[in-house]
Structure formats: structure tokens, C-alpha cells
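Chemist: Structure below; questions to follow.
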Amino acid sequence: AQARLTAGGEVLIESIDRLPPEAARDQAVYRHYGVKTALTFPLSVGGGAVFGALSFNDMRRERTWSEELQGRLRLIAQIFSNALAHRRADENLRDREERLQLAAGSAGAGLWIRAPSTGRFWVTEKARELFDFPPEQEITMDRILATVHPEDREQIRQVVNTAMRERKEIRVEYRIVRPDGSVRCIYDVAHPEFDETGNLFRYVGATLDITDRKESQAALR
């Protein structure tokens, strides 16, 4: 049964007592738990690798699993597969974001992701700190431009629009004005990511405060 499930096949057992000799191990397990008959489905999504199984068992009597009932239980198994796959994807995404936060924090960089379809940003805590954005504030391009030095805003618009139109990497240096009136030098780099159909899916970027480096270079000159 295990080998069949791993290969993506369903296992239908209407009578534990009529299992073949090569299934003696499965038979012993079923008898141990008092299972009389069983229908087990492999769990996978989109024909991908099997990551589990869902079994429906009758503990009271042997039974015949009708085609209609099999179809209903198969649908339930698919719902379970999709739910578990989404949960796993969410957990992987959270783990990835935590690792990114840690790596970016150690480098003093703020990370961000922008979806062209919505224009909204996901940003790390460090990125919010660099721009002095409150924790719950929604981040948009207009909100970022509002912090950019007036002399640099048109440059930012042109660089971003050109990069998105040509689906190229973004590299830009500019100044921001913080609420206390101080001016900081910022460097942004971002690369485009595409979906399976080749459409631009999002930009993933990093923001660095390079004020100290710029001042050191000026002092050396």
C-alpha cells in the first residue's frame, strides 16, 4: 500500500482478510487498529510529489465503496491536499521572510517587494526605519516619493518607469528628507521576477543608507 501511495495511486481495500500474502505487513497494521475496510488517497497538488495520505476506514464491518462515494471522498482528499499545500507555502514564505529580515538587518539594508499589478510594497522593519514610515502605514510609490528630495523625484520616476517598461534591473541613488529636516543619501537596487508565463510578477529590492560613505568620500576629495 505504501509503495502504491508513494507512486500516486489510490488504495482500495474492501476486506482486510482477503489481502494477498505480500501485503501481510499492511494487514497486520489494519488488524492492530481494528480496521475492516479502507480507502486511501495520496495527497499531492497538480500532479506533484506525494506529501501525505488521507484514509477513510470502516471499523465496524466490511463494505463496498461505490463509485459515487469514491468520487466524493476523492474530492475531500483534494481539498485536504490544497489546504495543506497552501499552509506549507505560507510557512515557507514566513521562514524565507524571517531569513531575509535577519540577513538584511545584519547588512544594514532594508528589503522590499513591489507588485506592479497593485503598486503596493511589502517592506521590512529596517526599510520602514530608513524612511521613517509607521509600522502599520501602507506603502505606495507616491508615499515613497513624498520623502524624496524634490530635486531627485523626477529622476526616480524616470528610472523606475523605464526599468518596468523594459523589465530591467533598477539601480538608483537619491536623497530623502526625514521629518526632522535631515537629508540622507539612499541607494536602491532591485531585480525583476517573472511568473511561469513570462509576465513581470514583482520587483525584489534592497535599500541602503549610504550617507556616511558619501560624506567620507567627500572628505577624502
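The values are calculated or read from the model by the stated rules, or taken from the named source; none is laboratory data. On a predicted model such as this, the values are computed, not experimentally measured, just so you know. Note that each Cβ is placed from the backbone with ideal geometry, even for glycine, and that neighbours are counted across all protein chains shown. Ligands, DNA and RNA are stripped out before the accessible areas are found, and what is left, the full protein with its side chains, is counted by its heavy atoms. Shrake-Rupley method; radii C 1.70, N 1.55, O 1.52, S 1.80 Å.
Chemist: Calculate, for the chain, the solvent-accessible area per residue in square angstrom, rolling a 1.4 angstrom probe over the heavy atoms of the protein chains.
Modeler: Normalised by residue count, the accessible surface of the chain is 64 Å².
Chemist: Further question on the same structure: Between Thr118 and Arg178, how high is the FRET efficiency from 1/(1 + (r/R0)^6) when r is the Cβ-Cβ distance and R₀ = 35 Å? Nearest 0.05.
Modeler: 0.85
Chemist: Please report the carbon-and-sulfur percent of the accessible area for segment 1-40; probe 1.4 Å, protein heavy atoms only, DNA, RNA and ligands left out.
Modeler: 52 percent
Chemist: Please list, or write none, the aspartates and glutamates whose alpha carbon is within less than 15 Å of the alpha carbon of Lys214, excluding same-chain residues fewer than 8 places away.
Modeler: Glu173, Asp188
Chemist: Over the chain, what relative contact order in percent results from Cα pairs under 8 Å that are six or more residues apart?
Modeler: 13 percent
Chemist: Quote to one decimal, in nm, the extra length available between Phe51 and Gln2 on full extension: 0.36 nm per residue of separation minus the C-alpha distance between them.
Modeler: Between Phe51 and Gln2, full extension yields an extra 16.4 nm.
Chemist: Report Tyr33's accessible area, 1.4 Å probe, all protein chains in place, as a number in Å² to the nearest 10.
Modeler: Taking all protein chains as shown, Tyr33 has close to 150 Å².
Chemist: What's the longest uninterrupted piece of the chain once you rule out the GluC sites (Glu not before Pro) that are loop residues per DSSP with at most 10 other Cβ within 10 Å?
Modeler: Free of exposed loop sites, the longest segment is 1-135.
Chemist: Shifting gears a bit: Test of understanding: what is the full-extension gain from Ala24 to Val159, defined as 0.36 nm times their sequence separation minus their Cα-Cα distance?
Modeler: That works out to 41.7 nm of additional length.
Chemist: To the nearest µm²/s, what D does Stokes-Einstein give for segment 144-221 at 4 °C and 1.567 mPa s, using the Kirkwood radius over alpha carbon pairs as Rh?
Modeler: The diffusion coefficient I find is 93 µm²/s.
Chemist: Moving on. Out of (i) 200; (ii) 137; (iii) 112, which label holds the value of volume of the Cα convex hull per residue in Å³ that was computed here?
Modeler: Answer label, from the structure shown: (i).
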